[in-house]
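Undergrad: Can you read through this structure? Questions will come right after.
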Amino acid sequence: MSTTILAIESSCDETAAAVVVDGHIVKSNTIYSQIDLHTLYGGVVPEIASRKHVEKMNQVIRTSLAEADVTWNDIDAIAVTYGPGLVGALLVGVSEAKALAYAKKKPLVGVHHIEGHIAANYIENPDLKPPFMCMVASGGHSHLVYVKDYNSFEIVGRTRDDAAGEAFDKVARAIDLGYPGGPKVDKLAKEGNPEAIAFPRAFMEDAPYDFSFSGLKSAVLNYLNQCEMKNIEYNRADVAASFQKAVVDVLTDNSVRAAKAYDCTSLALAGGVAANSALREAMKNACEKNGLTFYHPSPIYCTDNAAMIGVAGYHAYQSGVRDGWNLNAVPNLKIGERR
């Protein structure tokens with residue numbers, strides 16, 4: 001008998017709802033993006049994000065149910081992101097999910113946002129099964145996660161400072177590309193020479209799978225300042241390409257080494273930065289050279305969406321997870337942790 005999950009995601013600036021069947025069949029995946037609104041301010045404004053979630057949440061859920069052609073009688077459980085993320089934004093989704101679960105008498109399942117990103121890989125790759133290594137790279141997180149089972153995770157490496165996506169946004173701002181930085185840097189980098197500027201790669205001796213991008217970000221800013229002080233014209237495409245290659249080299253190298261150290265045969269990519277074309281290509285090539293099978297979601301499932309929450313919610317529901325009316329937003333929720 002199939003299991004149908006209604007999923008809700010509102011951790012940052014996308015209001016999303018999805019209907020997912022049996023953990024991999026996406027019947028609908030509705031996303032209202034606030035990017036155009038936050039672009040005016042050069043980044044996400046939490047208060048504005050929260051208000052927009054309140055305004056759009058019911059509409060997004062109704063649309064998702066209609067597109068999936070299901071009624072409330074077909075829904076077996078409601079899954080919702082409860083952390084990590086912006087506390088106000090999370091609260092909108094959690095409150096909505098609790099209200100619906102109470103009114104419709106449905107089980108409630110809280111989902112970790114990063115575990116959702118990892119689960120996005122199951123949607124289009126039914127052959128992918130734990131254990132495997134997963135590189136999760138987004139605006140707020142850079143984690144290397146050993147996926148022991150569908151609901152069991154071990155963090156192998158993490159960022160010491162800036163996350164990869166955060167570094168992309170800051171460098172994009174520095175070279176006047178605007179927000180969101182990741183897609184803009186990726187596009188411009190295609191026109192540049194990735195070997196033009198020797199930006200540093202940071203490797204941690206005491207924690208070989210950890211990341212640090214603050215030094216790289218500072219190196220880019222110093223390069224731009226030096227050019228400005230000396231009245232030297234720099235090539236923005238070369239800066240974008242050289243910076244991007246430095247990030248990609250570290251993410252790829254750490255991921256492959258971790259996968260081999262943990263005897264994994266599969267390496268997956270997840271998170272917003274997983275949509276980066278240079279990272280996908282580098283990971284694919286590195287996996288081929290090292291005998292690893294490479295997995296990644298389509299771009300629509302890399303950025304924040306509710307389908308991935310539905311997949312993660314399905315596996316949590318199948319393992320017996322049920323949350324009560326005391327479920328709350330946890331903005332700093334750790335992976336593998338339930339509160």
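Undergrad: Hey, can you tell me all the residues within the range 32-62 that are farther than 18 Å from Val94 by Cβ and β-branched (Val, Ile, Thr)?
TA: Ile35, Thr39, Val44, Val45, Ile48 - these are the residues of the range 32-62 that are farther than 18 Å from Val94 by Cβ and β-branched (Val, Ile, Thr).
Undergrad: Quick one: is Ala278 out of contact with any Ser or Thr (no Cβ under 9 Å at 6 or more places or on another chain) and in the same structural domain as Gly157 (by TED's automatic domain parsing)?
TA: Here the answer is yes, as Ala278 does meet what is asked.
Undergrad: Oh, and also: From the list Val111, Val136, pick out the single residue that is among the β-branched types (Val, Ile, Thr), touching a Ser or Thr at 6+ places or on another chain (Cβ under 9 Å) and in the same structural domain as Leu292 (by TED's automatic domain parsing). Working first, answer last.
TA: Details: Val111 fails: in the same structural domain as Leu292 (by TED's automatic domain parsing).
Just a single option satisfies the conditions, and that option is Val136.
Undergrad: Which of the residues belonging to the range 173-209 are surrounded by fewer than 16 Cβ atoms within 10 Å (Cβ to Cβ), within 21 Å of Ser142 (Cα to Cα) and free of Cβ contacts under 8 Å to residues at least 24 places away in the same chain?
TA: Hits for the range 173-209 are Glu205, Asp206.
Undergrad: Does Gly310 satisfy being of a type outside the set (Asp, Glu), over 21 Å from Arg201 (Cα atoms), in a helix (DSSP H, G or I) and in contact (Cβ under 8 Å) with a residue 24 or more places away in the chain? Let's see the steps before the verdict.
TA: Values: of a type outside the set (Asp, Glu): yes; over 21 Å from Arg201 (Cα atoms): yes; in a helix (DSSP H, G or I): yes; in contact (Cβ under 8 Å) with a residue 24 or more places away in the chain: yes.
Yes: the conditions hold for Gly310.
Undergrad: Select from the range 78-98 the residues that are small (Gly, Ala, Ser), surrounded by fewer than 22 Cβ atoms within 10 Å (Cβ to Cβ) and either in contact (Cβ under 8 Å) with a residue 24 or more places away in the chain or part of a loop (DSSP other than H, G, I, E, B) (or both) and list them in ascending order.
TA: Answer for the range 78-98, where residues must be small (Gly, Ala, Ser), surrounded by fewer than 22 Cβ atoms within 10 Å (Cβ to Cβ) and either in contact (Cβ under 8 Å) with a residue 24 or more places away in the chain or part of a loop (DSSP other than H, G, I, E, B) (or both): just Gly88.
Undergrad: Separate question: What is the residue count in the range 203-250 for residues that are part of a loop (DSSP other than H, G, I, E, B) and farther than 16 Å from Phe168 by Cβ?
TA: Selection size over the range 203-250: 14.
Undergrad: Answer with yes or no whether Val256 is closer than 12 Å to Val136 by Cβ and β-branched (Val, Ile, Thr).
TA: No.
Undergrad: Which residue, of Lys245, Lys284, is basic (Lys, Arg), crowded, with 21+ Cβ neighbours inside 10 Å and at pLDDT 95 or above?
TA: Selected residue: Lys245, the only one of Lys245, Lys284 that is basic (Lys, Arg), crowded, with 21+ Cβ neighbours inside 10 Å and at pLDDT 95 or above.
Undergrad: For the range 11-51, which positions are closer than 17 Å to Ala306 by Cβ and aromatic (Phe, Trp, Tyr)?
TA: Within the range 11-51, just Tyr32 meets the criteria.
The values are calculated or read from the model by the stated rules, or taken from the named source; none is laboratory data. Just so it is clear, the model here is predicted, and its values are computed rather than measured. In this analysis, Cβ positions are derived from the backbone assuming ideal geometry, glycine residues included, and neighbour counts consider all displayed protein chains.
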